[in-house]
Amino acid sequence: MIGIIAAMDSEVREIKSVMEDCFKITHAGMTFFKGKLKQKEVVTVQCGIGKVNAAMCTQVLIDIFKVKAIINVGVAGAVHPDLEIGDIVISEDSCQYDMDARAFGHPLGEIPNMDITFFKADKTLIKLAEEAAIGLKAPYRIGRIMTADLGVDSKAIKEKLFAEFGGLCCEMEGAAVGQVAVFNQVPYLVIRSISDQADANLSNDYKNNLEDSIKNGVAIVLSMAQGAE
Ligand SMILES: C[C@H]1O[C@@H](n2cnc3c(N)ncnc32)[C@H](O)[C@@H]1O
């Protein structure tokens, strides 16, 4: 069983529309759709926006649904200067850049007393996603995804983030899924499609590109399901 987590309703709707034998289970206020995607057993869920929602949802997928791998799909703001709207970012790892315990002597982004800043994604899932992107001729990059409970709409913030962490894009769930998955030793991957440039045009970009960007990300997940053993 593979868990697919998305923050938003339209992402789940896209995936659900191609699932078979689908039924609904509600847990912790979230609706899980269990069924088959290209013959693979999957459970798809809308976790809502933000790190706490994403973390809660990931733990439920692991404990209740016993998933063997987790894919978080969604949209993100571009941080790497060469990324364009619609491009795909595949996580090599992820970090929580709003974890700031520097006042207690810990580096920015490090989870205090746990000695970890970057949550490594699963190599096999990375390869599957890359093959899917190549197959779909979708422009993609593999690299770091940066997560916080913050919508980034400033060139200054994104430049600071790039300098500090070298991440490709910013969003609000990936590294929360990453932390829970890594601590539970469950393979995970984040796939993001760029919906905006994380700058002052955020609200316009986001509104105009959301639906197309969502489709790009979901297409990768569907193609991965097709290709996986
Ligand atoms: C608002 C939703 O879209 C993603 N998202 C898309 N663009 C950005 C951005 N510039 N900053 C933060 N999150 C973003 C988040 O992950 C969240 O789920």
ask   = Considering amide H positions built from the backbone, and no H for Pro or chain starts, which residues 5 or more places from Met30, or on another chain, come under 5 Å of its amide H?
value = none
ask   = How large is the dipole of the range 2-227 about the Cα centre if only Lys and Arg carry +1 and Asp and Glu carry -1, each at its Cβ, rounded to the nearest 20 debye?
value = 680 debye
query = Given the convex hull of the Cα atoms of the chain, what is a quarter of its surface area in nm²?
reply = 11.6 nm²
task = Using 0.36 nm per residue of separation minus the Cα-Cα distance, give me the extension gain between Glu211 and Ile49 in nm, one decimal.
result = 56.7 nm
remark   = Amide H contacts under 5 Å for Glu92, restricted to residues at least 5 apart in sequence or on another chain and with H modeled in the peptide plane, are Gly143, Arg144, Ile145
inquiry  = Show me, for the range 144-158, the HN-Hα J-couplings you get by feeding each phi into the Karplus relation (A = 6.51, B = -1.76, C = 1.60, θ = phi - 60°), rounded to Hz, glycine and proline as x.
reply    = 7, 10, 10, 10, 7, 7, 7, x, 8, 9, 8, 4, 5, 5, 5
task = Within the range 44-110, report the chymotrypsin sites (Phe, Trp or Tyr not before Pro) that DSSP leaves as loop and that have at most 14 other Cβ atoms within 10 Å.
result = none
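Which of Ile145, Ile15 comes first, and how do the rest follow, when ranked by fewest Cβ neighbours within 10 Å?
Ordered by Cβ neighbours within 10 Å, fewest first: Ile15, Ile145.
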query = Out of residues 5 or more away from His80 or on other chains, whose amide H comes under 5 Å of its own, with H placed 1.01 Å from N in the peptide plane?
reply = Cys169
ask   = Antiparallel DSSP bridges in the chain: what percent, to the nearest 5?
value = 40 percent
request  = Sort 187-194, 108-115, 34-41 for me by packing, meaning the mean count of neighbouring Cβ atoms within 10 Å per residue, highest on top.
outcome  = 187-194, 34-41, 108-115
task = Show which lysines lie in cross-link reach of Lys207 when reach means a straight Cα distance below 21 angstrom and same-chain residues fewer than eight apart are skipped.
result = Lys155, Lys158, Lys215
remark   = Within the chain, cysteines having no neighbouring cysteine beta carbon under 4.7 Å are Cys22, Cys95, Cys169, Cys170
query = Counting DSSP beta bridges with both partners in the range 72-160, what percentage is antiparallel, nearest 5?
reply = 35 percent
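Here, each number is a calculation from the coordinates, and none is a lab measurement. Here the structure is a predicted model, which is why all the values come from computation and not from measurement. In this analysis, Cβ positions are derived from the backbone assuming ideal geometry, glycine residues included, and neighbour counts consider all displayed protein chains.
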